[in-house]
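Values in this text are rule-based calculations from the coordinates and carry no lab data. Because the structure is predicted, anything quoted here is derived from the model rather than measured. Neighbour counts run over all protein chains shown; Cβ positions are idealised from the backbone, glycine included.
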Amino acid sequence: MPDKLHKIKILPLNKEIWIDEITDVREALLKEGIKLKSICGGYSQCGMCKVKIIEGKEFISEIKFLEKGLLGNVFHITKERLSCQLYIKGDITIEIPNN
């Protein structure tokens, strides 16, 4: 396991979790008991596990082809990403929509 951990602040839960750079955000949330809508199991096929990036967009991974196919190229407007495709390299704040 990598020794560098980053903090995710989760709104509206006001909870903080720690994640390494090789774990996707969805998996980290599930490990902490935070459930997101999803029917594909984290394979970037359903587009349901969206989170909104509130702070730290400079620390998030690039949008890959599968994710762009589901969400389009509107991150600069919506600030939404699929948590199953999201990896981080620094501290971020996200908002989880009502499930």
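Under the condition of being closer than 20 Å to H6 by Cβ and surrounded by fewer than 15 Cβ atoms within 10 Å (Cβ to Cβ), the residues counted in the range 56-78 number 4.
When the residues of the range 48-74 are filtered to those that are more than 13 Å from the chain's Cα centre (by Cα) and assigned to a helix (DSSP H, G or I), the one that is nearest to L13 (Cα to Cα) is E58. Scanning the range 1-18 for residues that are assigned to a strand (DSSP E or B) and closer than 16 Å to E95 by Cα turns up K7, I8, K9, I10, L11, K15, E16, I17, W18.
K7 satisfies every condition listed in (1) in contact (Cβ under 8 Å) with a residue 60 or more places away in the chain; (2) buried (at least 16 other Cβ atoms within 10 Å of the Cβ) except (2).
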